[in-house]
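The values are calculated or read from the model by the stated rules, or taken from the named source; none is laboratory data. From a predicted model like this one, the values you see are computed outputs, not experimental measurements. Glycine gets a Cβ as well: all are built from the backbone with ideal geometry, and neighbour counts include every protein chain shown.
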Amino acid sequence: MTICYQAKRDRVKLIEAGKLLKDGGTVVFPTETVYGLGANGLDANAVKKIFIAKGRPSDNPLILHIATRAWLDKLIVEPPQILTALIKDFWPGPLTLVLKKSALVPDIVTAGLDTVAVRMPSHAIARAIIEAADLPIAAPSANLSGSPSPTKAAHVIADMMGRVDMIIDGGDVVHGLESTVLDISSDTPVLLRPGAVTYEQLVARCGEVRLDPTLLAHSTLTKPRAPGMKYRHYAPRADVFVVALERTDAQVAARIEKLKSEGNKILYIDYSAEQLANQLFAIFRNADADGYDIVLVRAVPTDQIGLAVMNRLLKAADYKII
Ligand code: TXA
Ligand code: MG
């Protein structure tokens with residue numbers, strides 16, 4: 001059975017959630033990016049429950065969420081020089097750092113890799129729960145594997161009711177896309193997943209940042225370095241197409257008419273990058289609930305938050321552009 005709390009300002013419930021995590025249970029909680037499905041990240045049996053609840057492939061490693069710097073030092077070895085500056089600028093917040101792991105981190109968390117992903121969320125509820133547990137909390141996005149990440153409590157309830165021990169409803173998330181993942185385990189930092197901490201911000205801080213070549217392009221030659229990025233994530237049941245920036249409104253209208261005449265129910269979204277970052281996943285979920293056959297989404301420029309938006313959108317569209 002899943003206990004469900006609307007715990008916006010209820011400290012007692014958050015302490016209860018922390019205790020449940022300590023005892024090996026699973027708790028869904030809001031973060032500033034998307035909702036997370038947490039378990040004790042040092043307990044392989046607890047972490048196993050996450051994979052089962054999500055139906056997640058075991059070769060996809062998890063992020064450990066911490067509330068204090070002291071925990072980071074226990075989870076990693078050989079901290080690179082750039083680490084302190086990145087923490088100072090971006091923690092707590094939507095930046096996940098991939099570092100060489102210590103022996104404390106169970107293999108199930110890292111899917112056997114010798115690196116571990118760590119993030120310090122800024123969301124008050126997430127922080128209170130992690131502090132109460134006083135543990136690193138392994139937490140993927142709290143969606144069923146293959147569904148869009150949850151940005152509202154209703155999404156979590158739809159996917160996770162009956163599959164986890166507790167759900168903390170903290171209302172809508174702030175950002176709406178998952179955290180930026182930056183690998184600093186080797187000499188040049190590599191951006192593995194773009195998010196609300198932008199490539200431009202990271203370059204300003206690190207000097208050089210390499211882009212994983214699979215961020216915007218479908219590639220059968222290169223495997224994405226964040227194992228999770230190889231899956232066809234984020235996809236609704238409806239067929240998604242990206243509408244290229246250079247298409248005129250008249251061309252789009254003609255295309256929509258044609259698709260409609262073929263019997264399709266069409267949803268067309270033409271938003272700014274900021275709006276899409278916040279709402280893309282909810283749009284996909286609503287499209288399925290409302291029975292759309294095809295979702296057309298106008299592309300946005302790939303600078304700033306647009307890089308993260310186009311990364312998620314192109315994956316959902318399976319790189320189909322019209
Ligand atoms: O915003 C977020 O990061 C959310 C909230 C809940 O914090 N979490 C989240 O977790 O998005 P998840 O499991 O859905 O995505 C984690 C990503 C995956 O693409 C995974 O492959 C990658 O991080 N990752 C984890 N550990 C890694 C490692 N050691 N090396 C490379 N990539 C790693
Ligand atoms: Mg996910």
Original post:
Which one of 126, 154 is near ligand 1 (Cβ under 10 Å from one of its atoms) and assigned to a helix (DSSP H, G or I)?
Top reply: 126
**OP:** Could you look through region 102-118, keep only residues that are closer than 19 Å to residue 178 by Cα and not polar (S, T, N, Q), and pick out the one that is surrounded by the fewest Cβ atoms within 10 Å (Cβ to Cβ)?
**Re:** 118
Original post:
For region 130-146, which residues satisfy the criterion of being assigned to a helix (DSSP H, G or I) and either away from ligand 1 (no atom under 12 Å from the Cβ) or among the basic types (Lys, Arg) (or both)?
Top reply: 131, 132, 133
Original post:
In region 49-69, which residues are away from ligand 2 (no atom under 12 Å from the Cβ), among the charged types (D, E, K, R) and under 18 Å from the mean Cα position of the chain (by Cα)?
Top reply: 59
Original post:
Yes or no: residue 318 surrounded by fewer than 18 Cβ atoms within 10 Å (Cβ to Cβ) and either of a type in the set (Val, Ile, Thr) or under 23 Å from the mean Cα position of the chain (by Cα) (or both)?
Top reply: yes
Subject >> Residue among 73, 89 that alone is at pLDDT 95 or above, surrounded by fewer than 22 Cβ atoms within 10 Å (Cβ to Cβ), under 21 Å from the mean Cα position of the chain (by Cα) and of a type outside the set (Gly, Ala, Ser) >> reply: 89
Original post:
Does any residue of region 62-76 turn out to be without any contact (Cβ under 8 Å) to a residue 40 or more places away in the chain, small (Gly, Ala, Ser), farther than 23 Å from residue 201 by Cα and part of a helix (DSSP H, G or I)?
Top reply: yes
Original post:
Quick one: what pairs do we get from region 153-171, first residue within 9 Å of residue 3 (Cα to Cα), second assigned to a strand (DSSP E or B) and at pLDDT below 95, C-beta under 6 Å, 6+ apart or different chains?
Top reply: 166/3; 167/4; 168/5
Original post:
Looking at region 155-194, which of its residues are touching a strand residue (DSSP E or B) at 6+ places or on another chain (Cβ under 9 Å), surrounded by fewer than 21 Cβ atoms within 10 Å (Cβ to Cβ) and among the hydrophobic types (A, V, I, L, M, F, W, C)?
Top reply: 157, 161, 190
**OP:** Sort out which residues of region 1-48 are among the basic types (Lys, Arg) and over 23 Å from the mean Cα position of the chain (by Cα), and write them in order of number.
**Re:** 9, 11, 13, 19, 22
Original post:
In region 5-39, how many are within 28 Å of residue 103 (Cα to Cα), crowded, with 24+ Cβ neighbours inside 10 Å and more than 16 Å from ligand 2 (Cβ to nearest atom)?
Top reply: 3
**OP:** Would you point out which residue out of 105, 173, 109 is part of a loop (DSSP other than H, G, I, E, B), near ligand 1 (Cβ under 10 Å from one of its atoms) and more than 22 Å from residue 194 (Cβ to Cβ)?
**Re:** 105
**OP:** Could you run through region 252-289 and say how many residues are without any contact (Cβ under 8 Å) to a residue 40 or more places away in the chain and within 22 Å of the chain's Cα centre (by Cα)?
**Re:** 10
Subject >> Contacts under 8 angstrom Cβ, first residue in region 12-38 being farther than 17 Å from residue 162 by Cβ, partner polar (S, T, N, Q) and assigned to a strand (DSSP E or B), 6 or more apart >> reply: 21/40; 22/40; 24/40; 34/141; 36/141
